[in-house]
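Novice: Here you go, one structure.
The values are calculated or read from the model by the stated rules, or taken from the named source; none is laboratory data. Please read these numbers as outputs of a predicted model, since none were measured by experiment. No Cβ is skipped: glycine too gets one built from the backbone with ideal geometry, and neighbour counts run over all protein chains shown.
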Amino acid sequence: MNKFSTILGVVIVFVLAACEGPQGPPGFDGLDGLDGQDGIQGQVVEVEGVNFGYDGEANLFSTLITFSDVTNFEVFESDAVLVYRHDGLIDLSDGSTADAWTQIPQNYFLEGGTIQYVFAHTFVDLEIFIDGNFDLSGISTDFTDDQIFRIVFVPSEFAEASKLDTSNIENVMSALNIGEEEVTKLDIN
C-alpha cells in the first residue's frame, strides 16, 4: 500500500505539473526607451534671446514661451516644469569659467525696491513674469532684454518618487541623466 501511495502521488504531481490553462489576456505595453533605463525621461531646453514686454496697467513685465515652439517633448498636466535664469559667467579657481544658473523665483534688490522673476505654466506653455513693489517701467534692460532661461521638464513619475534638490540645475540634470551635450539650445530672437 505504501508503494502504491508513493506511485499514485508521483503520477498526480506529474499530471498537475503538465496541466496548462487558457492563455491570459495580453499585458500592457512597456515604456519605450533604451535597454537598462526605466523609461522615465526628462528634457532640458535652453532658450536664448528672451525679451519681456511691459504691461503698464499690471506694472509687470512678461513673456510667453509655447512648449511646441521649443520642444517636441510631450508635457503632461502632472509633470513638473522647472525654470532657471542664466546669471552670467563665473570665474573658477583654475582660471576657467562656468555658467551660473539660478532657479526661479529669483529676487533682486534694487535702489527703487525689489523685483522678482516668477513663472506660471500649463502643459502647453510657460509665462515668465518680472514683478516688483515699485514702478517697473524704468528698470534696466539688463533684466528684460535678451535673457537666457533653461526649462526643465520633469516627468511626474520621477518628481513624485524623487527627493530631488531642485535648487541646483546640475543636480536635476544629473538625476535625470541628462548631460550638457543633450541640452537643446534655441534662440527665439
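Novice: Working carefully through the options S93, S137, find the one that is under 30 Å from E57 (Cβ atoms), among the hydroxyl-bearing types (S, T, Y) and modelled with pLDDT of 90 or more. Show your work before the answer.
Specialist: Working: S93 fails: under 30 Å from E57 (Cβ atoms).
Checking each option against the conditions leaves just S137.
Novice: (1) within 23 Å of N168 (Cα to Cα); (2) surrounded by 11 or more Cβ atoms within 10 Å (Cβ to Cβ): which one isn't true of D91, the others all being true?
Specialist: (2)
Novice: Please work out if I148 is in a strand (DSSP E or B), among the β-branched types (V, I, T) and either surrounded by fewer than 17 Cβ atoms within 10 Å (Cβ to Cβ) or touching a Cys at 6+ places or on another chain (Cβ under 9 Å) (or both).
Specialist: Values: in a strand (DSSP E or B): yes; among the β-branched types (V, I, T): yes; either surrounded by fewer than 17 Cβ atoms within 10 Å (Cβ to Cβ) or touching a Cys at 6+ places or on another chain (Cβ under 9 Å) (or both): no.
Against the criterion (in a strand (DSSP E or B), among the β-branched types (V, I, T) and either surrounded by fewer than 17 Cβ atoms within 10 Å (Cβ to Cβ) or touching a Cys at 6+ places or on another chain (Cβ under 9 Å) (or both)), I148 does not qualify.
Novice: Might you check whether a residue that is over 13 Å from the mean Cα position of the chain (by Cα) and either at negative phi or in a loop (DSSP other than H, G, I, E, B) (or both) occurs anywhere in segment 151-160?
Specialist: To start, the set of residues in segment 151-160 that are over 13 Å from the mean Cα position of the chain (by Cα) comprises none.
So far as segment 151-160 goes, no, none of its residues is over 13 Å from the mean Cα position of the chain (by Cα) and either at negative phi or in a loop (DSSP other than H, G, I, E, B) (or both).
Novice: Are there any pairs, at least 6 apart or on different chains, whose C-beta atoms fall under 7 Å, with the first in segment 39-60 and under 18 Å from A120 (Cβ atoms) and surrounded by 14 or more Cβ atoms within 10 Å (Cβ to Cβ) and the second at pLDDT 95 or above and among the acidic types (D, E), and if so, which?
Specialist: So the pair list comes out as N59/D135; L60/D131.
Novice: Moving on to the next point. Among the numbered criteria (1) touching a residue at least 24 places away in the same chain (Cβ under 8 Å); (2) closer than 17 Å to V47 by Cβ, which one does I139 miss?
Specialist: It fails just one condition, (2).
Novice: May I ask you to list the residues in segment 112-123 that are farther than 20 Å from E74 by Cα and buried (at least 18 other Cβ atoms within 10 Å of the Cβ)? Break it down into steps so the answer makes sense when it comes.
Specialist: Filtering segment 112-123 down to residues farther than 20 Å from E74 by Cα leaves 112-118.
The answer is I115, Y117.
Novice: Can you tell me how many residues in segment 161-176 are assigned to a loop (DSSP other than H, G, I, E, B), loosely packed, with under 13 Cβ neighbours inside 10 Å and free of Cβ contacts under 8 Å to residues at least 24 places away in the same chain? Break it down into steps so the answer makes sense when it comes.
Specialist: Taking segment 161-176 and keeping what is assigned to a loop (DSSP other than H, G, I, E, B), we get 162-168, 176.
From what is left, the residues that are loosely packed, with under 13 Cβ neighbours inside 10 Å are 163, 165, 167.
Next, from what is left, pick out any that are free of Cβ contacts under 8 Å to residues at least 24 places away in the same chain: 163, 165.
Adding up the residues that qualify gives 2.
Novice: Next up: Return the residues of segment 136-145 that are part of a loop (DSSP other than H, G, I, E, B) and either buried (at least 18 other Cβ atoms within 10 Å of the Cβ) or touching a Pro at 6+ places or on another chain (Cβ under 7 Å) (or both); say none if nothing qualifies. Even if it seems obvious, please write down each step before you answer.
Specialist: If we filter segment 136-145 for residues that are part of a loop (DSSP other than H, G, I, E, B), which is where we start, we get 139-140, 145.
Once the filter is applied, which keeps residues that are part of a loop (DSSP other than H, G, I, E, B) and either buried (at least 18 other Cβ atoms within 10 Å of the Cβ) or touching a Pro at 6+ places or on another chain (Cβ under 7 Å) (or both), segment 136-145 yields only I139.
Novice: Looking only at segment 124-135, which residues are surrounded by 13 or more Cβ atoms within 10 Å (Cβ to Cβ) and either touching a helix residue (DSSP H, G or I) at 6+ places or on another chain (Cβ under 9 Å) or hydroxyl-bearing (S, T, Y) (or both)? Break it down stepwise before answering.
Specialist: Keep residues of segment 124-135 that are surrounded by 13 or more Cβ atoms within 10 Å (Cβ to Cβ), which gives 125-132, 134.
Selection gives D125, L126, I130.
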